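Engineer: This structure is in structure tokens; I'll ask about it shortly.
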Amino acid sequence: MSEGVKHDDGKPRCDLLPAGAMLAVSNVLGFGARKYAPNNWRLVPDAKERYIAAALRHLFAHMMGEKHDQESGLTHLSHAATCLLFVIDLENDA
């Protein structure tokens, strides 16, 4: 039997994404979906600027020694990463 063929050269290497970080972001997304609504972040006015500001707040809290967000219990870094992913996606849509 011959070998199969899969033409995936040059395609994104999603298998290289760090699973733990992606699960942490998924937890933040689930928290946000319960608090607001699924994909509500897409409807926020001035979203790019506001999510950059939110990412910075989470980063500053982390830098000041606070590892977990008080409201969600999830890490500030996972919140910051989620905010930055929103900005990336919004800029890709622009």
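The values are calculated or read from the model by the stated rules, or taken from the named source; none is laboratory data. Everything numeric in this text was worked out from a predicted model, so none of it was measured. All Cβ positions, glycine included, derive from the backbone under ideal geometry; neighbour counts span all protein chains shown. Heads up: the accessible areas ignore ligands, DNA and RNA and are worked out on the full protein's heavy atoms, side chains in. Shrake-Rupley method; radii C 1.70, N 1.55, O 1.52, S 1.80 Å.
Engineer: Restricting the first residue to segment 63-79 and requiring it to be closer than 13 Å to Val25 by Cβ, which pairs with a second residue that is among the aliphatic types (A, V, I, L, M) meet a Cβ separation below 6 Å and a spacing of at least six or different chains?
Structural biologist: Leu74/Val28; His76/Ala61; Ser78/Ala24; Ser78/Val25; Ser78/Val28; His79/Val28
Engineer: Could you check segment 42-51 and list, in sequence order, the residues that are open to solvent by 80 Å² or more (accessible area, probe 1.4 Å) and among the aliphatic types (A, V, I, L, M)?
Structural biologist: Passing the criteria: only Leu43.
Engineer: Right, next: In segment 2-24, is there at least one residue being under 19 Å from Asp89 (Cα atoms) and in contact with an Asp or Glu (Cβ under 8 Å, 6 or more places away or on another chain)?
Structural biologist: No.
Engineer: For segment 18-30: of the residues being of a type in the set (A, V, I, L, M, F, W, C) and out of contact with any His (no Cβ under 7 Å at 6 or more places or on another chain), which is surrounded by the fewest Cβ atoms within 10 Å (Cβ to Cβ)?
Structural biologist: Ala19
Engineer: Considering only segment 31-41, I want to know if a residue exists there that is at pLDDT below 95, surrounded by fewer than 18 Cβ atoms within 10 Å (Cβ to Cβ) and at positive phi.
Structural biologist: Within segment 31-41, none of the residues are at pLDDT below 95, surrounded by fewer than 18 Cβ atoms within 10 Å (Cβ to Cβ) and at positive phi.
Engineer: Taking Asp15, is it in a helix (DSSP H, G or I) and loosely packed, with under 10 Cβ neighbours inside 10 Å?
Structural biologist: It is true that Asp15 is in a helix (DSSP H, G or I) and loosely packed, with under 10 Cβ neighbours inside 10 Å.
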